[in-house]
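To start, the structure itself, in structure tokens.
No lab work stands behind these numbers, since they all come straight from the coordinates. All values derive from a computational prediction rather than experimental measurement.
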Amino acid sequence: MNFWSATLASRIRVALRARAGTVSASERALVDRLAEEQVLVPEGDRAAGEGSGSPGAVPVPVIRHREEGPVVPVFTSEEAMARALPYVPPYQRVRLGILAALWPADDVSLAVDPGSPREVTIHADDVQALFGLRRH
């Protein structure tokens, strides 16, 4: 598989396999760049006018998912967001590595393109570890 022509969801799956030690050395080197990938993060509470956090902070929306528990939904494009949500809310482009550094809680998972066939969920235990912020 050509790592960079694959979807973000596919690259995340490779990264999770790399964390488990089941990818080649060349794939492992490419996985290190995953933290630089940008995703669209709906603004959550700030978009609703409630305000959240300090100025410059990325407001991270946490929703309850029936099967996965609490998740932060992110999207790879406006089109993916429009397919999943009734409207496209205000959002910010954020690098995955920065998002992981701002992670709201240890029990929250990351859902990339929720509701699409390419959806991938990074379980709470893997979010920060995947981006080198915490070792398990």
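Brief remarks follow.
- The length gained on full extension between ARG33 and GLU79, counted as 0.36 nm times the residue separation minus their Cα-Cα distance, comes to 14.2 nm.
- Between amide H atoms placed 1.01 Å from N, distances below 5 Å from ASP113 occur with VAL74, PHE75, THR76, all of them 5 or more places distant or on a separate chain.
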